[in-house]
Amino acid sequence: MTRYDEAFLFLDPAGESVGRSELEHGGIRTALVWAPDAAAAARVAGELAAGGVRLIELYRGFDLPGAARVIEAVGGRVPVGVASGAAAGVRHSVTIFADDAADPDRVRTVRRHDDGGSTTVIGAPDAVIESVAEAEIAAGAELIQVCGGAPLTTAARVAATVGDRVAVGLVSWPFESITGAAAYKASWEQAHPSA
């Protein structure tokens, strides 16, 4: 399996199999994985952990039992963060990660789902994440989830900007993942001292 720095896993209940792509940004390789259910996501997470991935974030519909399956599958080898924000019935979701060098018009991946919905993953400088969220809502987004690498204050700014038009969530780290997430952050900051 290809070595990734991090992985974003999304639930796609309309999908019949696991879908994959990758995104490179700021010297980081991110695996993007869409799984039809938590069991498939847990299996993929275990494979990614065995392959050396250093961080996993869960998006688009993981409930507590589903997230627990993923955490159990990685067996403490990698921190797992879980995005808040209701996803039941959401057809068009957007995940935004903070990357001050990213052009949000270019650093993006769109995954079309079998049910006609979509997931869009976008990199954007922290200072423009609210405007990116606004543009995506205007284009039909029903859920905005902010990556765990962005501060809570960024997600709060997005929530204040969009009001009650759509749910806004942020990846947070359960207790068993705090140490690993902090180590990943420290490593990233050392490699990117100007960020």
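Figures for the structure shown
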item: Extreme residue, farthest from the chain's Cα centre (by Cα), among residues of region 1-38 that are of a type in the set (Asp, Glu), closer than 22 Å to ALA67 by Cα and surrounded by fewer than 18 Cβ atoms within 10 Å (Cβ to Cβ); result: GLU16
item: Count - residues of region 108-133 that are of a type in the set (Ser, Thr, Tyr) and over 13 Å from the mean Cα position of the chain (by Cα); result: 2
item: GLU130 vs. criteria part of a helix (DSSP H, G or I), at pLDDT 95 or above, within 15 Å of ARG91 (Cα to Cα) and of a type outside the set (Phe, Trp, Tyr); result: no
item: Evaluation of ILE122 against (1) assigned to a strand (DSSP E or B); (2) more than 15 Å from HIS92 (Cβ to Cβ); (3) in contact with a Pro (Cβ under 8 Å, 6 or more places away or on another chain) (one fails), failing number; result: (2)
item: Strands (runs of 3 or more DSSP E) lying entirely in region 51-98 (those with 3 or more residues that are aromatic (Phe, Trp, Tyr) and either in contact with a strand residue (DSSP E or B) (Cβ under 6 Å, 6 or more places away or on another chain) or buried (at least 24 other Cβ atoms within 10 Å of the Cβ) (or both)); result: none
item: Any hit, region 34-49, residues being touching a residue at least 12 places away in the same chain (Cβ under 8 Å), in contact with a Leu (Cβ under 8 Å, 6 or more places away or on another chain) and in a loop (DSSP other than H, G, I, E, B); result: yes
item: Subset of region 169-185 (residues that are in a helix (DSSP H, G or I) and either among the hydroxyl-bearing types (Ser, Thr, Tyr) or surrounded by fewer than 19 Cβ atoms within 10 Å (Cβ to Cβ) (or both)); result: PHE175, GLU176, SER177, ILE178, THR179, ALA182, ALA183, TYR184, LYS185
item: The listed residue being within 24 Å of ASP103 (Cβ to Cβ) and not in a helix (DSSP H, G or I), out of ALA150, ALA155, ALA135; result: ALA150
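Per-residue answers, yes or no, for (1) closer than 18 Å to GLY27 by Cα; (2) of a type in the set (Phe, Trp, Tyr); (3) surrounded by 13 or more Cβ atoms within 10 Å (Cβ to Cβ):
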| residue | (1), (2), (3) |
| --- | --- |
| THR120 | no, no, yes |
| GLU130 | no, no, yes |
| ILE137 | no, no, yes |
| ILE144 | no, no, yes |
| GLY148 | yes, no, yes |
| ASP164 | no, no, no |
| ALA167 | no, no, yes |
| SER187 | yes, no, yes |
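The values are calculated or read from the model by the stated rules, or taken from the named source; none is laboratory data. Keep in mind that what you see is a predicted model, and the values were worked out from it rather than measured. For neighbour counting, all protein chains shown are included, and Cβ atoms are generated from backbone atoms with ideal geometry for every residue, glycine included.
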